[in-house]
Each structure stands twice: as structure tokens, then as C-alpha cells.
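The values are calculated or read from the model by the stated rules, or taken from the named source; none is laboratory data. Quantities reported herein were computed from a predicted structural model and do not represent experimental measurements. Neighbour counts are summed over all protein chains in view; Cβ atoms, including those assigned to glycine, are modelled from backbone coordinates with ideal geometry.
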Amino acid sequence: MEIANLADNEKDQANMSKFLKYYTVFKNAPVLVLVYAKPYKTVEYKILKDKPECKELYNMATSSQAEIQTIGAAVENLLLAAANMGYGACYMTGPVHSRDKIYEVMGHDETKGELMALIPVGVPEDSSAPQPPRLPLEDVVTFID
């Protein structure tokens, strides 16, 4: 991939290069879900978009990137459902770097939105993959009284 060649140093180039093999693991999946996003205009956006005097409030209100959060929630539900049914699935954003080639192969209907992720789905070859150790809850959650 050309992105690795654009790195300013060898460490970043090597780091990018080592992940490239994972960008194509979807090619043998029997099912590939393409995840698209359309702009999601919140009520705050509609109210504030044409009010230059409210630029700071507009930036704060729209910084949550609602369309991305919506995709994340939907993909998580799809992954959980696939796992519950015994399938393996993976949320992939790396291949989107080649979005133009994917559009060329799959066709692109601009009314669907912009390609944001791919999810290959299939039967795992090995269901005995070791699970990483879980961190203690207090290491990943902060409770505020």
C-alpha cells in the first residue's frame, strides 16, 4: 500500500506495513457486509448550521459525530448476533483505504452514502482461539459518586 511509503520514518513505515496483510483477510469470507454512512443531521445541526454567531456552540454540539457512533452501535449488534449464531465476524476499517477499488467491484450507489467499514462473516476455522486475559473492572471503568 502506498500509505506505508509516505511515512516520515522507518518505524512508522514498518508499523504500517505489518498491518497490510490484515487489510485483505476478508477476501475469502463467504459473506461480506459493507457498512455505509450518510450524514446524520441532528436537531442541533439543523438549528445552528446557519448561525455564524453560534460557531463555538455548533462545533461542540456536532463534535460527537453521531453518524459514526450510530455505525459503531449497529456493527456491535451485528457482531454479537453473528457470534451468538456461531459465526465469526470482524469489524474492518483498514480496507476502506481502497474504497475506490471496492466501489469498482461492488458498484457504488451514492444514495447509500460513504463506505465506512467491511464485516466479513463466516464459520471460524478454529473456535478454540485463546482469549486475552480480562483486565480488572477498576482498570477500565471509573465510577463517580
Practice problem: Select, from LEU115, LEU135, LEU57, LEU79, the only residue that is surrounded by 12 or more Cβ atoms within 10 Å (Cβ to Cβ) and over 20 Å from the mean Cα position of the chain (by Cα). | Solution: LEU57
Quiz item: Which one of these does VAL105 not meet: (1) exposed (fewer than 11 other Cβ atoms within 10 Å of the Cβ); (2) farther than 24 Å from VAL123 by Cβ; (3) modelled with pLDDT under 90?
Solution: (2)
Practice problem: Would you check if VAL96 is surrounded by 11 or more Cβ atoms within 10 Å (Cβ to Cβ), touching a Pro at 6+ places or on another chain (Cβ under 9 Å) and not aromatic (Phe, Trp, Tyr)? | Solution: no
Quiz prompt | Some residue of segment 33-49 being among the aromatic types (Phe, Trp, Tyr), at pLDDT 90 or above, closer than 25 Å to GLU110 by Cβ and surrounded by 12 or more Cβ atoms within 10 Å (Cβ to Cβ) | solution = yes
Quiz item: How about segment 63-114: which of its residues are part of a loop (DSSP other than H, G, I, E, B), free of Cβ contacts under 8 Å to residues at least 24 places away in the same chain and not polar (S, T, N, Q)?
Solution: MET85, GLY107, HIS108, ASP109
Practice problem: For ALA89, state whether it is in contact with a strand residue (DSSP E or B) (Cβ under 8 Å, 6 or more places away or on another chain) and exposed (fewer than 13 other Cβ atoms within 10 Å of the Cβ). | Solution: no
Quiz item: Which residue pairs have Cβ atoms closer than 6 Å, lie 6 or more positions apart in sequence or on different chains, and pair a first residue in segment 41-62 that is within 23 Å of GLY113 (Cα to Cα) with a second residue that is part of a helix (DSSP H, G or I) and among the acidic types (Asp, Glu)?
Solution: ALA61/GLU44
Quiz item: Based on what the data block shows, is THR142 touching a strand residue (DSSP E or B) at 6+ places or on another chain (Cβ under 9 Å), among the polar types (S, T, N, Q) and loosely packed, with under 15 Cβ neighbours inside 10 Å?
Solution: no
Quiz item: In segment 1-32, how many are exposed (fewer than 14 other Cβ atoms within 10 Å of the Cβ), farther than 14 Å from ALA117 by Cα and among the hydroxyl-bearing types (Ser, Thr, Tyr)?
Solution: 0
Quiz item: Identify, please: which residue in segment 1-32 is in a helix (DSSP H, G or I) and under 17 Å from the mean Cα position of the chain (by Cα) and is, among those, modelled with the highest pLDDT?
Solution: PHE26
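Okay, residues lined up against (1) in contact with a helix residue (DSSP H, G or I) (Cβ under 7 Å, 6 or more places away or on another chain); (2) of a type in the set (Ser, Thr, Tyr):
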position: ASN9; (1), (2): no, no
position: VAL25; (1), (2): no, no
position: VAL35; (1), (2): yes, no
position: TYR45; (1), (2): yes, yes
position: LEU57; (1), (2): yes, no
position: ALA74; (1), (2): no, no
